[in-house]
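The values are calculated or read from the model by the stated rules, or taken from the named source; none is laboratory data. If you're wondering where the values come from, they're calculated on a predicted model, not measured in any experiment. So basically every Cβ, Gly included, is an ideal-geometry build from the backbone, and we count neighbours across all protein chains shown.
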């Protein structure tokens with residue numbers, strides 16, 4: 001099975017995980033403190049996402065999921081009318097949502 005054959009199911013799984021993450025402040029804080037994508041794999045809540053995706057047939061290496069978990073931990077709200085890039089952008093006079101160097105390390 002190719003990734004795109006079941007992408008709506010994967011998207012739903014990731015969104016549900018992220019919604020649950022918002023109420024799990026300790027796990028979210030731990031993910032936010034990670035300095036790179038590999039560090040996110042040390043957080044047990046990342047393993048929950050990996051497990052859920054593999055149950056849906058996701059066939060990629062877990063190290064590709066860790067950075068997704070790390071970046072999602074910085075997202076406050078889901079606003080479909082705003083692109084991901086714009087939601088991560090700095091508003092004038094404010095600090096960025098996530099530091100550029102940390103973002104690159106996570107990826």
Answer residue from the range 70-85, given it is at pLDDT below 90 and closer than 15 Å to residue 24 by Cβ and is surrounded by the fewest Cβ atoms within 10 Å (Cβ to Cβ) among those: 76
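Would you pick out the residues in the range 52-69 that are part of a helix (DSSP H, G or I) and either surrounded by 13 or more Cβ atoms within 10 Å (Cβ to Cβ) or at pLDDT 95 or above (or both)?
Taking the range 52-69 first, the residues part of a helix (DSSP H, G or I) are 52-55, 62-64, 66-69.
Within the range 52-69, 52, 53, 54, 62, 66, 67, 68, 69 meet the criteria.
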Restricting the range 9-39 to residues that are under 13 Å from residue 53 (Cβ atoms) and over 12 Å from the mean Cα position of the chain (by Cα), which is modelled with the highest pLDDT? 12
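Is it the case that some residue within the range 4-13 is in a helix (DSSP H, G or I) and closer than 26 Å to residue 100 by Cα? Let's see the steps before the verdict.
Step one: of the range 4-13, the residues in a helix (DSSP H, G or I) are 4-13.
Next, only the ones that are closer than 26 Å to residue 100 by Cα stay: 11.
There is at least one residue in the range 4-13 that is in a helix (DSSP H, G or I) and closer than 26 Å to residue 100 by Cα.
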